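**Student:** The structure's right below; bear with me while I get my questions together.
No lab work stands behind these numbers, since they all come straight from the coordinates. Bear in mind the structure is a predicted one, so any value in this text is a computation, not a measurement. Virtual Cβ from ideal backbone geometry, glycine too; neighbours counted across all protein chains shown.
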Amino acid sequence: MDRFIETNKLLKNSSFFYTIAIGMDSKYSYVSDNYNKNFDFIKDSLLGKLFSITLHPDDISICAEVAMKCFQSPGGLFPATLRKHNGFGGFVITQWEMHAMFDEQNQPVGIFCIGYNITEYVKSRSDLVDAKAEIVTKDGKLTEIGLLQSHVIRKPLANIMGLANMVLYGFWLSVGLVRFLVVSCAVLLFSRIFLTTFCI
C-alpha cells in the first residue's frame with residue numbers, strides 16, 4: 001500500500017495524469033484532484049461514489065474484466081481504454097493502467113488506476129485514417145483520368161493534328177477526311193466534358 005501512497009503524492013498535482021482507487025465495494029476510495037476536476041460534474045467529490053457514475057454504460061464490463069485480471073495476477077499492470085462522461089452529453093476517451101491492491105494480510109482491498117485523456121490522439125488517428133482513404137480514392141481518380149487522357153484524348157487529338165498537317169502542306173481533304181476530322185473533334189470535346197464533369 002505504501003507505493004500507492006507514494007505514487008499518489010507524486011501525481012497529486014498532475015495536470016496530465018489521473019490517479020484513482022476503487023474499493024471492493026465498487027466505490028471510489030481515492031480520487032486525485034485532476035480526476036475530480038475533470039469528471040465530477042455534480043460539483044461534489046467523487047470520493048465514496050460508485051465508479052460507474054463517470055463511465056459510459058458499455059464500458060462497465062471492461063472494468064470488471066480488467067479487475068478480474070488484476071486479482072488473478074497480483075503485481076501485474078493491465079490496460080483499459082474507457083469512455084468517460086465529458087459533462088456536455090458526450091464522452092472523452094481515457095487510457096488506464098490498473099493494478100490490484102492488497103492489505104498486510106494479503107486480502108484484496110481494491111484496484112489502483114493511473115490514466116490520462118487520449119481523446120485528441122484517437123481523433124487525430126481517425127482523421128489520419130480518413131485522410132489516407134481519401135488519398136487512395138483521389139489517387140484512383142487521377143489514375144483513371146491519366147488513362148482517359150492517354151487513350152481517349154490523345155487518339156482524336158493525333159488525328160486532328162495529322163489532318164491539320166495535311167492541310168498545311170496543301171493536301172486537299174476529301175469529304176471522308178473532313179467527316180473524320182469532325183468526328184475526332186467531337187470525340188475530343190466529349191472527352192473534355194466527361195473528364196471535367198465526372199472525374200474531377
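**Student:** Among Lys9/Lys123; Lys27/Lys69; Lys27/Lys84; Lys12/Lys84; Lys9/Lys43; Lys27/Lys123, which pairs are too far apart, with a Cα-Cα distance over 26 Å?
**Tutor:** From the list (Lys9/Lys123; Lys27/Lys69; Lys27/Lys84; Lys12/Lys84; Lys9/Lys43; Lys27/Lys123), the Cα-Cα distance tops 26 Å for Lys9/Lys123; Lys27/Lys123.
**Student:** If amide H atoms are built 1.01 Å from N in the plane of the peptide, which residues on other chains or at least 5 residues away come under 5 Å of the amide H of Phe102?
**Tutor:** Distant-sequence amide H within range of Phe102: Val109.
**Student:** Determine ³J(HN,Hα), in whole Hz, for all residues of segment 49-63 in sequence, where each value follows from phi through the Karplus function 6.51 cos²θ - 1.76 cosθ + 1.60 and θ = phi - 60°; x replaces Gly and Pro.
**Tutor:** Result, ordered by residue: 8, 4, 4, 5, 4, 9, 9, 5, x, 6, 8, 4, 5, 4, 4 Hz.
**Student:** Can you give the net charge of the other residues whose Cβ lies under 10 Å from the Cβ of Val31, counting K and R as +1 and D and E as -1?
**Tutor:** 0
**Student:** Moving to a separate point now. At 0.36 nm per residue, minus the direct Cα-Cα distance, what do Val182 and His85 gain on full extension? Give it in nm, one decimal, please.
**Tutor:** 28.1 nm
**Student:** Could you pull out every residue, at least 5 positions away or on a different chain, whose amide H is within less than 5 Å of the one on Lys49? Hs are placed 1.01 Å off N in the peptide plane, and Pro or chain starts have none.
**Tutor:** Here the answer is Tyr28, since their amide H atoms fall under 5 Å of that of Lys49.
**Student:** Could you tell me the calculated FRET efficiency between Arg125 and Glu104, based on Cβ-Cβ distance and R0 = 35 angstrom, to the nearest 0.05?
**Tutor:** Calculated value: 0.20.
**Student:** Can you list residues whose amide H is under 5 Å from Tyr116's amide H, if they're 5+ apart or on another chain and H is modeled 1.01 Å from N?
**Tutor:** Tyr18, Gln95
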